[in-house]
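This report refers to the structure that appears directly beneath it.
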Amino acid sequence: DRTYIGNPNPRMTYGLNLTLSYKAFDFSMFVQGVQGVERWNDLKKILDYDTRPFNHTTSTLDSWHGEGTSNTIPISTFADNGSSNNSSIFVENASYLRLKNVEIGCSLQEVFKKYKNILPNIRIYVSMQNLLTITKYTGLDPESTNLMDQGTYPQARAFLFGFNTKF
């Protein structure tokens, strides 16, 4: 029986922006996520259930291969026995919580107060992006903008160092 399954629209989208400062130091953090969204993991279908003779991932080691074995993971074979057909096994929970941005900064003018008259207002900082993602989704990126995840490259983790100055 065929039926529509999954929901690509999140039931809840949330975020938290936190900014703190103490004397010469400042800290900011942005956390974002979605809850109750399901995504078609086409990459899983391509990697593990394609009929072309490619290597499969280790998740297919627990697949059905006879009486008394797994009944939740279809048989892994290169023959077209129907395991590569559309199935609910490719629809996954893509809810996630992601630490999008963390920034820590320091104002040098506040640290070296006795040189305040000759030292320009300089702030040094380190910024980190996409540090952590918590999800049960097995694809590369639960936040991919496509309804069908075909192996979209995940968001890059970035570490930035810099300074701001005012004259």
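The values are calculated or read from the model by the stated rules, or taken from the named source; none is laboratory data. Not measured: the values here are computed from a predicted model. Neighbour counts are summed over all protein chains in view; Cβ atoms, including those assigned to glycine, are modelled from backbone coordinates with ideal geometry. Calculation scope for accessible area: heavy atoms of the full protein, side chains included, ligands and nucleic acids excluded. Shrake-Rupley method; radii C 1.70, N 1.55, O 1.52, S 1.80 Å.
Things to note:
- Within segment 2-36, considering residues that are hydroxyl-bearing (Ser, Thr, Tyr) and open to solvent by less than 90 Å² (accessible area, probe 1.4 Å), the one farthest from the chain's Cα centre (by Cα): SER28
- Some residue of segment 96-109 being closer than 20 Å to ILE5 by Cα and out of contact with any Leu (no Cβ under 6 Å at 6 or more places or on another chain): yes
- Hits in segment 104-128 (condition: open to solvent by less than 70 Å² (accessible area, probe 1.4 Å) and either in contact with a Gly (Cβ under 9 Å, 6 or more places away or on another chain) or in a strand (DSSP E or B) (or both)): GLY105, CYS106, SER107, ASN121, ILE122, ARG123, TYR125, VAL126, SER127, MET128
- Residue match in segment 1-12 (condition: modelled with pLDDT of 95 or more, over 21 Å from GLY151 (Cα atoms) and of a type in the set (A, V, I, L, M, F, W, C)): yes
- Count of segment 129-167 residues which are open to solvent by 70 Å² or more (accessible area, probe 1.4 Å), in contact with a helix residue (DSSP H, G or I) (Cβ under 8 Å, 6 or more places away or on another chain) and not hydroxyl-bearing (Ser, Thr, Tyr): 3
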